[in-house]
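A quick write-up on the structure given underneath.
The values are calculated or read from the model by the stated rules, or taken from the named source; none is laboratory data. Keep in mind the model is a prediction, meaning the values are calculated, not measured. Note: ideal-geometry Cβ built from the backbone for every residue, glycine included; neighbour counts use all protein chains shown.
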Amino acid sequence: MHPTLDHVMPITTRPPVVMTEGTGSWLRDSEGRTYLDFVQGWAVNCLGHSHPVMVEAIREQAARLINCSPAFHNEPMAQLTALIAVTSGLQHVFLCNSGAEANEGAIKLARKWGAKHRDGAYEIVTTQGAFHGRTLATMSASGKAAFEPLFEPKVPGFVKVPLNDLEAMANAITEQTVAVMLEPIQGEAGVIPATDAYLRAVRRLTRERGVLLILDEIQTGIGRTGLMYAFEHVEARPDILTLGKGLGGGVPLAALVASAAASCFEPGDQGGTFNGNPLMAAIGCAVLGTVRQPAFLASVRETGDYLAARLTELSAATGHGKVRGRGLLLALALGHGEAQKVVDAALDRGLLINAPRPDSLRFMPALTVTREEIDTMIERLGPCLT
Ligand SMILES: Cc1ncc(COP(=O)(O)O)c(C=O)c1O
């Protein structure tokens, strides 16, 4: 018997299943059914469910210090900000609780920088199809068509251009522009990559035009694409970087990261009750300490290639389309527009996958997923595709 679900605010459609336990790539519900999890909290649980490194960090830090308020420094906050700085090459880190909060902070930081260094310019150029979060400003920054009629009026100051169209980007940058904001791979739009050439060119363009580059790596960061950050594939280090999801490996932890030159908040500009709290920061240290190891990242690239190869093979055998994405953030283009039916059929077979668009399936397993688990996933997915 599980408790009533009547009081859960209905903000999304959920299957009538209550999850109770998880280990690695596997979840278990209250009826004892098990599921192979290729969603992992929406690309969040980078070490899978309840990884011992995280469990130990939680146990140790909880017994030591859970919260001392953001008015004081604490040791895990110092360690995690230093780890993010050393791995990203950017100097200042503000720890927060969700991707939307990190992006909201990035928007504020860019506007502050514009007020100080660019005659009060405040516009940010973003891309059609982008997803940056669900606060009012981040919904306004997003280029998701379904958001357009919602919660009007939106926050002004966002100009949208098509992704991978350099000319449109160049034309959109004016005297009013303070920054360009992009995802290296648009995850929620269906795993649509910015091309390497485009990312490099946008980095050059933003430098030439004297505006900031903000990279939203909330979905692509922390090893997801096989390097610590997706910008490393193209050596396009941004001025402002946002992280979330994998950073906490399953707990609410995110970060706004900035170069010393872009970092212009003054005391009082930014903050929040839970920011940098020692428990979350200690978990972030445990996750980052594991993911940043070269052997770990090499194994993400290898399993990513294996997953892409197995999906390509299955797609050819069942008459579907191409595989896109990088590392362990992949999508399969379907030959029809009924992806949700495939997701439902997979759930019945004990497999969790996601349909970001009616014509695509998304795969974002734990970065620790094994080849055997990928083989089991393919076995379960096959009959759902035909
Ligand atoms: C690229 C990107 N930015 C921002 C967000 C928002 O993060 P959160 O849901 O933690 O607020 C997401 C979440 O899916 C995301 O994928």
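In the set ALA262, ALA236, which member is surrounded by 22 or more Cβ atoms within 10 Å (Cβ to Cβ), over 20 Å from the mean Cα position of the chain (by Cα) and modelled with pLDDT of 95 or more?
Step by step, each of ALA262, ALA236 is checked, and only ALA262 is surrounded by 22 or more Cβ atoms within 10 Å (Cβ to Cβ), over 20 Å from the mean Cα position of the chain (by Cα) and modelled with pLDDT of 95 or more.
What is the residue count in region 361-386 for residues that are surrounded by 19 or more Cβ atoms within 10 Å (Cβ to Cβ) and over 19 Å from TYR306 (Cα atoms)?
2
Do you know which of the residues in region 239-253 that are closer than 24 Å to LEU27 by Cα and crowded, with 24+ Cβ neighbours inside 10 Å is farthest from the ligand (Cβ to nearest atom)? Don't jump to the end; show me each part of the working.
Applying the first criterion (closer than 24 Å to LEU27 by Cα) to region 239-253 yields 244-253.
Within this subset, residues satisfying the condition of being crowded, with 24+ Cβ neighbours inside 10 Å are 244-249, 253.
Values: GLY244: 5, LYS245: 6, GLY246: 11, LEU247: 10, GLY248: 10, GLY249: 13, LEU253: 10 Å.
Of everything passing the filter in region 239-253, GLY249 is farthest from the ligand (Cβ to nearest atom).
State whether the residues of region 200-213 include one that is in contact with a Phe, Trp or Tyr (Cβ under 7 Å, 6 or more places away or on another chain), among the hydrophobic types (A, V, I, L, M, F, W, C) and either more than 13 Å from the ligand (Cβ to nearest atom) or farther than 30 Å from ALA308 by Cβ (or both). Step through it out loud before you land on a result.
Step one: of region 200-213, the residues in contact with a Phe, Trp or Tyr (Cβ under 7 Å, 6 or more places away or on another chain) are 212.
Still in the list and also among the hydrophobic types (A, V, I, L, M, F, W, C): 212.
Okay, now just the ones that are also either more than 13 Å from the ligand (Cβ to nearest atom) or farther than 30 Å from ALA308 by Cβ (or both), so 212.
Yes, region 200-213 contains at least one residue that is in contact with a Phe, Trp or Tyr (Cβ under 7 Å, 6 or more places away or on another chain), among the hydrophobic types (A, V, I, L, M, F, W, C) and either more than 13 Å from the ligand (Cβ to nearest atom) or farther than 30 Å from ALA308 by Cβ (or both).
Filter region 170-199 down to residues that are among the small types (Gly, Ala, Ser) and away from the ligand (no atom under 16 Å from the Cβ) and give me whichever is nearest to the chain's Cα centre (by Cα).
First pass over region 170-199, keeping only residues among the small types (Gly, Ala, Ser): 170, 172, 179, 187, 189-190, 194, 197.
Right, trim to away from the ligand (no atom under 16 Å from the Cβ) and you get 170, 172, 197.
Working: ALA170: 26, ALA172: 26, ALA197: 22 Å.
For region 170-199, the residue satisfying everything is ALA197.
List the number of the failed condition for ALA309; all other conditions in (1) touching a helix residue (DSSP H, G or I) at 6+ places or on another chain (Cβ under 9 Å); (2) surrounded by fewer than 17 Cβ atoms within 10 Å (Cβ to Cβ) hold.
The failed condition is (1).
This table checks each residue for (1) assigned to a helix (DSSP H, G or I); (2) buried (at least 22 other Cβ atoms within 10 Å of the Cβ); (3) hydroxyl-bearing (Ser, Thr, Tyr); (4) at pLDDT 95 or above.
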{"site": "THR12", "(1), (2), (3), (4)": "no, no, yes, no"}
{"site": "GLY41", "(1), (2), (3), (4)": "yes, no, no, yes"}
{"site": "LEU47", "(1), (2), (3), (4)": "no, yes, no, yes"}
{"site": "GLU56", "(1), (2), (3), (4)": "yes, no, no, yes"}
{"site": "GLN61", "(1), (2), (3), (4)": "yes, yes, no, yes"}
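Among the residues in region 154-163, are any buried (at least 19 other Cβ atoms within 10 Å of the Cβ), within 16 Å of the ligand (Cβ to nearest atom), of a type outside the set (A, V, I, L, M) and within 19 Å of the chain's Cα centre (by Cα)?
We begin by selecting, within region 154-163, every residue buried (at least 19 other Cβ atoms within 10 Å of the Cβ); these are 157-158, 161, 163.
Going one step further and asking which of them are within 16 Å of the ligand (Cβ to nearest atom), we end up with 158, 163.
Among the residues that remain, those that are also of a type outside the set (A, V, I, L, M) are: 158.
Keeping just the survivors that are within 19 Å of the chain's Cα centre (by Cα) gives none.
No, that holds for no residue.
Restricting to region 351-367, name every residue that is closer than 23 Å to ALA146 by Cα, touching a residue at least 24 places away in the same chain (Cβ under 8 Å) and not hydrophobic (A, V, I, L, M, F, W, C).
If the condition is that a residue be closer than 23 Å to ALA146 by Cα, touching a residue at least 24 places away in the same chain (Cβ under 8 Å) and not hydrophobic (A, V, I, L, M, F, W, C), then ASN354, PRO356, ARG357, ASP359, SER360, ARG362 are the ones that fit.
Being assigned to a helix (DSSP H, G or I), at pLDDT 95 or above, under 27 Å from SER98 (Cβ atoms) and among the β-branched types (Val, Ile, Thr), is that true of even one residue in region 299-317? Outline the logic, then answer.
Step one: filter region 299-317 for residues assigned to a helix (DSSP H, G or I), giving 299-317.
Within this subset, residues satisfying the condition of being at pLDDT 95 or above are 299-317.
From what is left, the residues that are under 27 Å from SER98 (Cβ atoms) are 300, 304.
Now narrow it down to the ones that are among the β-branched types (Val, Ile, Thr): 300.
Taking every residue of region 299-317 in turn, at least one turns out to be assigned to a helix (DSSP H, G or I), at pLDDT 95 or above, under 27 Å from SER98 (Cβ atoms) and among the β-branched types (Val, Ile, Thr).
Would you call ILE222 closer than 25 Å to CYS264 by Cβ and touching a residue at least 40 places away in the same chain (Cβ under 8 Å)?
On the way: closer than 25 Å to CYS264 by Cβ: no; touching a residue at least 40 places away in the same chain (Cβ under 8 Å): yes.
Criteria not met by ILE222.
If I ask for residues that are within 11 Å of GLY187 (Cβ to Cβ) and either of a type outside the set (A, V, I, L, M) or in a helix (DSSP H, G or I) (or both), which ones from region 201-220 would you list?
Taking region 201-220 and keeping what is within 11 Å of GLY187 (Cβ to Cβ), we get 216-220.
Those that are within 11 Å of GLY187 (Cβ to Cβ) and either of a type outside the set (A, V, I, L, M) or in a helix (DSSP H, G or I) (or both): ASP216, GLU217, GLN219, THR220.
Could you list, in sequence order, the residues of region 14-39 that are of a type outside the set (Lys, Arg), part of a loop (DSSP other than H, G, I, E, B) and farther than 13 Å from PRO365 by Cβ?
So in region 14-39, the residues of a type outside the set (Lys, Arg) come out as 15-27, 29-32, 34-39.
Still in the running and part of a loop (DSSP other than H, G, I, E, B): 15-18, 25, 30-32, 38-39.
Correct list: PRO15, PRO16, VAL17, VAL18, SER30, GLU31, GLY32.
Answer yes if at least one residue in region 103-115 is outside any helix (DSSP H, G or I), touching a residue at least 12 places away in the same chain (Cβ under 8 Å), over 17 Å from the mean Cα position of the chain (by Cα) and surrounded by fewer than 23 Cβ atoms within 10 Å (Cβ to Cβ), and no otherwise. I'd like the intermediate steps shown before the answer.
First, pick out the residues of region 103-115 that are outside any helix (DSSP H, G or I): none.
Checked region 103-115: no residue is outside any helix (DSSP H, G or I), touching a residue at least 12 places away in the same chain (Cβ under 8 Å), over 17 Å from the mean Cα position of the chain (by Cα) and surrounded by fewer than 23 Cβ atoms within 10 Å (Cβ to Cβ).
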